[in-house]
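Asks: One structure, as structure tokens, below. Some questions next.
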Amino acid sequence: MAAAPNDDSLTDSGSLLEASGLAKHFGPVVALRSADLRVRGGEIHALMGANGAGKSTLVKILTGALTADGGTIRLGGRARTFRSTSEARKAGLICVYQDPSLLPDLTVLQNLILTATPISSFRRYLADLGLGGFDLSTMPRELARPTLSLLDLARALAIEPQLLLLDEITASLPADLTSRVFSVARQLRAEGRSVIFISHRLAEVSALCDRATVLRDGKTVGVVEPAQGGEERIVKLMLGPVAEEVAAEAASPSTPATGAVAVEVRDLKAGTLNGVSFTLRFGEVLGVAALEGQGEKELFDCMAGVRRPESGQILVGGKARSFGHPADAIRAGLVLIPADRLQALLRQRSVRENIALPFVNRIARWGPINPRREKRRVATAVKRLQIDTRVTSEVRRLSGGNQQKVGIARWLAGGFKTLLCFDPTRGIDIGTKRQIYGLVKELAANGSAVLLFTSELPEIQLACNRVIVLFGGELVDEMPASDADERALLRAAHGLPSEEGE
Amino acid sequence: MSSRAAATARIVQQNSIIVLIALLVALAGLIEVIRPGAVNANWVSNILEFAAPLGILAAGQTLVVITGGIDLSVANVATAAAYIMASQAPFGVTRGIVAGLLVGVVVGLVNGVGVAVFRVQPLIMTLAMGLVVTGTLNVYSQAAVRSVPGVPAVIHTLGSGTVLEYVPVSLFLWAVLAAVLIIGLRGTGFGRLLYALGDNQEATRLAGVRGWQVLLTNYMACGLLSAVAGIVLAGTVNAADLSLANILLLPSVAAVVIGGTSIFGGSGSYSGTAVGALILTVLNSVLTLLDVPDAVKQVLYGAIIVLLAAAYTRVLGRD
Ligand SMILES: Nc1ncnc2c1ncn2[C@@H]1O[C@H](COP(=O)(O)OP(=O)(O)OP(=O)(O)O)[C@@H](O)[C@H]1O
Ligand SMILES: [Mg+2]
């Protein structure tokens with residue numbers, strides 16, 4: 001089926017990086033079995049694969065953050081092994097890892113000095129990325145995730161690498177910043193330098209990348225050119241035999257729900273959010289479509305008790321509620337799945353403790369834990385989301401996507417009436433994404449109410465019954481999911497009137 | 001990290017208690033080499049007797065460090081509790097003990113309110129409280145107490161009595177408290193929340209936990225344990241002076257660190273701390289045997305803490 005990379009005739013002199021047969025295991029867990037990768041000079045090369053396929057492990061090996069158990073890496077034709085990231089850096093390889101890497105308690109400037117980053121060139125790239133006037137004496141602790149990612153990127157660019165590796169950088173970025181990252185990547189390509197790009201979003205890969213290497217279960221299973229209708233093949237290669245199943249599970253038409261009102265929001269104001277009203281019913285998935293920063297974050301935060309609204313009301317079961325703490329919202333049955341897993345997870349603790357955290361969230365539950373009952377509830381949730389828990393120890397050892405799933409599993413096990421999903425599929429592979437949307441629909445069908453924001457507009461139709469569109473902090477449109485194709489949503493999300501209305 | 005080193009790391013990680021116990025045995029071996037015949041039942045009995053108050057003091061410290069905090073008032077609280085217990089004992093031993101324990105709970109409450117409600121840095125809050133406690137105790141001793149109070153017989157027995165000749169009475173109390181802590185940390189909701197808060201306060205909040213309730217209770221528990229430790233120590237040395245437990249502040253932190261609890265919170269265990277307390281006591285015994293002056297001892301303690309902390313980061317890959 002797939003052209004094995006060994007017998008494709010790329011042993012040309014144009015290869016900047018040639019890795020073959022790379023293997024890595026962590027105790028009993030095999031993260032990489034046999035990974036091959038060839039990257040040419042002046043190429044943007046995608047690395048694709050399902051959650052846990054080994055993408056992050058591969059880039060960590062290439063950049064010296066991990067040492068391989070076997071295999072070879074050749075750079076410009078010469079065999080190399082990097083024992084540390086600084087050795088790789090000297091050879092011109094640098095990676096922006098999946099999780100932010102600035103030390104939170106040093107200023108940005110101190111971080112730069114610590115890594116011997118040329119400040120002036122850092123500033124220049126920061127300006128390219130749209131952060132021109134950035135104050136270097138800020139503590140990373142106080143910064144939002146997208147900014148942290150861009151700082152990491154600028155720091156990597158500042159050393160003028162030959163090969164830049166980007167591990168899911170766009171997962172935490174809004175659309176406008178993503179396009180800045182793209183133009184920086186293209187600029188590198190134009191200068192004859194190369195980029196390895198990891199993302200779960202096929203659309204990004206086909207828009208940006210020249211070729212894609214696909215990993216499955218730690219093995220390279222093919223090299224594809226995504227632009228020429230290669231997307232289908234990438235999905236097939238990534239998912240292997242399960243691809244068909246997943247495709248069959250995709251979008252089924254949703255009907256409008258007629259359940260009782262779960263939550264009513266009246267004239268809610270908070271930050272950018274400027275007077276939004278709507279009702280959410282049991283049995284429906286209500287989509288929220290918005291470009292980043294239109295008040296959607298504030299809406300979710302108010303409904304989840306993370307922040308207080310400046311004015312307006314949230315009615316649950318017909319009664320006005322005031323949420324001063326997430327605990328209040330959870331009592332009323334509203335639970336939040338945040339987009340940023342670092343915000344929701346206990347990284348040093350086990351999967352089980354992470355999922356079981358809501359079980360002990362009240363004083364009345366401070367007493368002895370019933371281990372059998374807890375284990376059962378956790379196991380059910382883990383199974384339902386197919387979380388890969390071969391490593392049962394700390395959550396930080398799971399792959400990014402599996403960490404995200406742990407955050408979702410917590411509330412499946414913990415119980416809720418209304419689920420507030422804020423971009424729940426960031427960093428989750430296509431197969432799992434469909435699974436999660438399937439799950440969300442199933443939850444609604446069983447009587448829950450779901451409010452879902454996703455930064456990927458085409459996915460609204462996969463999961464929702466109805467959509468509301470936010471623009472400039474106001475609710476500008478509402479439509480049944482059947483009308484909410486990407487075009488319609490994009491128009492509305494940019495504040496344009498719908499086409500029929502013109 | 002090569003896979004061999006990774007494998008070693010895993011073994012050490014899963015059995016860090018065993019490594020610590022091996023270290024303990026090695027130190028005892030060292031004593032036996034320096035002075036053959038020194039390690040006997042009597043010596044073991046003595047070590048346990050002196051380790052018990054430190055172990056109890058470090059128990060409270062462990063609880064606080066797991067949440068990512070630190071309590072620098074434990075030693076002052078222990079001293080004050082013992083002193084007040086002794087000075088109140090003439091009006092009834094029970095009254096004395098209750099008064100002593102109350103000191104711990106009240107100071108813990110204030111620490112807890114400061115840290116959990118007003119969000120003062122634990123280091124600053126507890127350092128300040130320690131000074132307040134010591135100052136208040138001095139005022140109290142000048143105003144209300146005529147002579148250095150004696151330690152009641154029951155407490156003396158608790159601190160230095162033995163059963164079957166060699167088993168210290170205080171070991172029973174320590175064992176019970178240790179069991180409660182070890183089981184409680186692992187198997188109760190409260191224990192879970194301590195680790196959760198130490199790992200990620202924001203995540204814990206999002207899961208619906210009101211962190212201040214947990215922290216407040218926890219600082220009170222730490223105060224109470226410190227008071228117990230002070231009272232036991234007064235029994236062990238058969239005196240309750242104004243600086244009784246003050247030298248135990250650093251060892252209480254050292255025992256926690258040696259025991260493998262992360263100083264940044266989120267992981268650790270009391271069993272590690274308990275062995276840490278034993279190691280420190282034996283180490284002290286080695287140094288005393290070698291006639292090492294106190295100042296040098298302090299330097300060695302410091303060096304050992306740094307070395308072990310570095311070793312933990314290395315071997316366990318903590319970040
Ligand atoms: N430090 C570690 N210790 C133990 N297992 C690990 C460690 N790092 C990764 N793994 C395991 O190796 C496998 C591959 O992980 P990796 O992070 O490379 O996946 P990935 O392809 O980047 O996935 P994602 O898309 O979810 O980020 C996973 O099963 C993961 O649990
Ligand atoms: Mg990854």
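The values are calculated or read from the model by the stated rules, or taken from the named source; none is laboratory data. Small disclaimer: the values here were computed from a predicted structure and weren't measured. Neighbour counts are summed over all protein chains in view; Cβ atoms, including those assigned to glycine, are modelled from backbone coordinates with ideal geometry. Note: accessible area is taken over every heavy atom of the protein model, side chains too, but ligands, DNA and RNA are not part of it. Shrake-Rupley method; radii C 1.70, N 1.55, O 1.52, S 1.80 Å.
Asks: Put +1 on the Cβ of each Lys and Arg and -1 on the Cβ of each Asp and Glu in chain A; which of A:Gln386, A:Pro368, A:Val450 then has its Cα farthest toward the positive end of the dipole?
Replies: Among A:Gln386, A:Pro368, A:Val450, the one farthest towards the positive end of the dipole of chain A is A:Pro368.
Asks: I would also like to ask the following. By how many degrees, 0 to 90 and rounded to 10, does the Cα axis of helix A:371-385 deviate from the longest principal axis of chain A?
Replies: That helix lies at roughly 70 degrees to the long axis.
Asks: When only Cα pairs under 8 Å and 6 or more residues apart are kept, what is the percent relative contact order across the range A:32-117?
Replies: 21 percent
Asks: How many Å³ per residue does the convex hull of the Cα positions in chain A occupy? If you can, show how the numbers build up before the last one.
Replies: Numbers: hull volume 81.5 nm³, N = 502.
Spread over its residues, the Cα hull of chain A gives 162 Å³ apiece.
Asks: Hey, another quick one. Just counting partner chain Cβ atoms within 10 Å, what average do the residues of peptide A:170-177 show around their Cβ? Walk me through the numbers on the way to the answer.
Replies: On the way: counts 0, 0, 0, 0, 0, 0, 0, 0.
Mean shielding count: 0.
Asks: What FRET efficiency comes out for B:Ile247 versus A:Lys90 if R0 is 51 angstrom and r is the Cβ-Cβ distance? Round to the nearest 0.05.
Replies: Computed FRET efficiency for B:Ile247 and A:Lys90: 0.55.
Asks: Moving on. Could you give each residue of the range A:215-223 its phi-based ³J(HN,Hα) in whole Hz, using Karplus coefficients 6.51, -1.76, 1.60 with θ = phi - 60°, and x for Gly or Pro?
Replies: Whole-Hz 3J(HN,Hα) from phi for the range A:215-223: 9, 9, 6, x, 10, 6, 10, x, 10.
Asks: Oh, and also: Tell me which residues come under 5 Å, amide H to amide H, from A:Val195 once H is placed; ignore anything under 5 positions away on its chain.
Replies: It is A:Glu43, A:Ile44, A:His45, A:Leu164, by chain and number.
Asks: Quick query: amide H of A:Phe471 versus all other amide H atoms, modeled in the peptide plane; which residues come in under 5 Å with a sequence gap of 5 or more or a different chain?
Replies: A:Val476
Asks: In peptide A:333-344, what is the residue-averaged number of other protein chain Cβ atoms found within 10 Å of each Cβ?
Replies: Across the residues of A:333-344, the mean count of other-chain Cβ atoms within 10 Å is 2.
Asks: In whole angstrom, how far apart do the alpha carbon centroids of the range B:236-309 and the range B:22-88 sit?
Replies: One Cα centre to the other: 7 Å.
Asks: Okay, next question. Calculated from DSSP H runs of 4 or more alone, at -39500 (n - 2.57) each and per residue, what is the 222 nm mean residue ellipticity of chain B, nearest 500? List each step's numbers first, then the result.
Replies: On the way: 14 runs with 239 residues, N = 319.
Helices in chain B give a 222 nm mean residue ellipticity of -25000 deg cm²/dmol.
Asks: Determine how many Å³ per residue the convex hull of the Cα atoms of the range A:45-174 encloses.
Replies: Working: hull volume 16.1 nm³, N = 130.
Convex hull of Cα atoms, per residue: 124 Å³.
Asks: Oh, and also: Thinking of the range B:50-145 as a set of Cα atoms, what percent of all their pairs are more than 21 Å apart?
Replies: 34 percent
Asks: For A:Gly222, enumerate residues with amide H under 5 Å from its amide H, sequence gap 5+ or separate chain, H modeled in the peptide plane.
Replies: Those qualifying (amide H under 5 Å, at least 5 residues apart or on another chain) are A:Val214.
Asks: Let me ask you something else. Which percent, to the nearest 5, of DSSP beta bridges fully inside the protein assembly as shown are antiparallel?
Replies: The antiparallel proportion sits near 55 percent.
Asks: A follow-up question, please. On a 0 to 90° scale, report how tilted helix A:175-190 is relative to the longest principal axis of chain A, with both axes built from alpha carbons and the result rounded to the nearest 10.
Replies: The angle comes out near 10 degrees.
Asks: Also, I was wondering about something else. Using a ≥ b ≥ c from the Cα gyration tensor of the range B:209-319 (square roots of the eigenvalues), is it rounded, prolate or oblate, where a/c under 1.5 gives rounded and otherwise the larger of a/b and b/c decides, a/b for prolate?
Replies: Oblate shape, in that a/c is at least 1.5 and b/c is the bigger or equal ratio.
Asks: How large a share of the accessible area of chain B, in percent, is made up of carbon and sulfur atoms when the probe is 1.4 Å and the other protein chains stay in place?
Replies: Carbon with sulfur: 70 percent of the solvent-accessible area.
Asks: Moving on. Please report, for the Cα atoms of the range B:143-218, the Rg to one decimal and the Dmax as a whole number; what are they, in angstrom?
Replies: 19.9, 54
Asks: A follow-up question, please. Largest first and in whole Å, give the semi-axes of the range A:8-239's equivalent ellipsoid, each being the square root of 5 times a Cα gyration tensor eigenvalue.
Replies: 28, 20, 17
Asks: So, with +1 on the Cβ of K and R and -1 on the Cβ of D and E, and no other charges, what is the size of the charge dipole of the range B:3-316 about its Cα centre, to the nearest 20 debye? Could the numbers behind the result be given before it?
Replies: Numbers: 12 positive and 9 negative charges, 134 e Å.
In total the dipole reaches around 640 debye.
Asks: If you fit an axis through the alpha-carbon atoms of helix A:145-158 and take the longest principal axis of the Cα set of chain A, what angle between them do you get, 0 to 90°, nearest 10?
Replies: Approximately 10 degrees, to the nearest ten.
Asks: Still on this structure, I have one more. When only Cα pairs under 8 Å and 6 or more residues apart are kept, what is the percent relative contact order across chain B?
Replies: Here the relative contact order equals 33 percent.
Asks: Out of the total accessible area of the range A:8-239 (probe 1.4 Å, heavy atoms of protein only), what percent is carbon and sulfur?
Replies: Result for the range A:8-239: 52 percent of the exposed heavy-atom area is carbon or sulfur.
Asks: Buried accessible area between B and A (1.4 Å probe, both chains summed, ligands and nucleic acids excluded), in Å² to the nearest 100?
Replies: 2900 Å²
Asks: At 1.4 Å probe radius, can you tell me the per residue accessible area of chain A in Å²?
Replies: Per-residue accessible area for chain A comes out at 41 Å².
Asks: Peptide B:193-202: average number of partner chain Cβ atoms within 10 Å per residue?
Replies: 5
Asks: While we're looking at this one, here's another question. Quick check on the range A:8-239: of the DSSP beta bridges with both residues there, what percent are antiparallel, nearest 5%?
Replies: So the antiparallel bridges amount to about 55 percent of the total.
Asks: May I pose another question? Taking the radius of gyration and the Kirkwood hydrodynamic radius from Cα positions alone, what is the Rg/Rh ratio for the range B:3-316, to two decimal places?
Replies: That ratio is 0.98, to two decimals.
Asks: Using Cα positions and a limit of under 28 Å, work out the lysines in reach of A:Lys236, with same-chain residues fewer than 8 apart set aside.
Replies: Partners within reach: A:Lys24, A:Lys55, A:Lys60, A:Lys219, A:Lys383, A:Lys405, A:Lys433, A:Lys441.
Asks: May I ask you to list, by number, the DSSP H helices of chain B whose Cα span along the axis is at least 30 Å and whose average Kyte-Doolittle hydropathy reaches -1.0 or more? Display every interim value, and only then the final one.
Replies: Working: long enough: B:41-66 (34 Å, 1.32); B:122-144 (31 Å, 1.21); B:211-237 (39 Å, 1.44); B:294-316 (32 Å, 1.34).
Qualifying helices, which must be both long enough and hydrophobic enough, are B:41-66, B:122-144, B:211-237, B:294-316.
Asks: Output the Cα-based Rg and Dmax of the range A:416-502 in Å, rounding Rg to one decimal and Dmax to a whole number.
Replies: Just the Cα atoms of the range A:416-502 yield Rg and Dmax of 13.5, 42 Å.
Asks: As a test question: what accessible area, to the nearest 10 Å², does B:Tyr166 have when a 1.4 Å probe is rolled over all protein chains in place?
Replies: Probe radius 1.4 Å; accessible area of B:Tyr166 about 100 Å².
Asks: Per residue, how much accessible area does the range B:3-316 show when a 1.4 Å probe rolls over the protein heavy atoms, in square angstrom? If you can, show how the numbers build up before the last one.
Replies: Numbers: 13410 Å² over 314 residues.
Dividing the accessible area of the range B:3-316 by its residue count gives 43 Å².
Asks: Rounded to the nearest 500 deg cm²/dmol, what is the calculated helix-only ellipticity per residue at 222 nm for chain A, with -39500 (n - 2.57) per DSSP H run of length n ≥ 4?
Replies: Computed ellipticity for chain A at 222 nm equals -9500 deg cm²/dmol.
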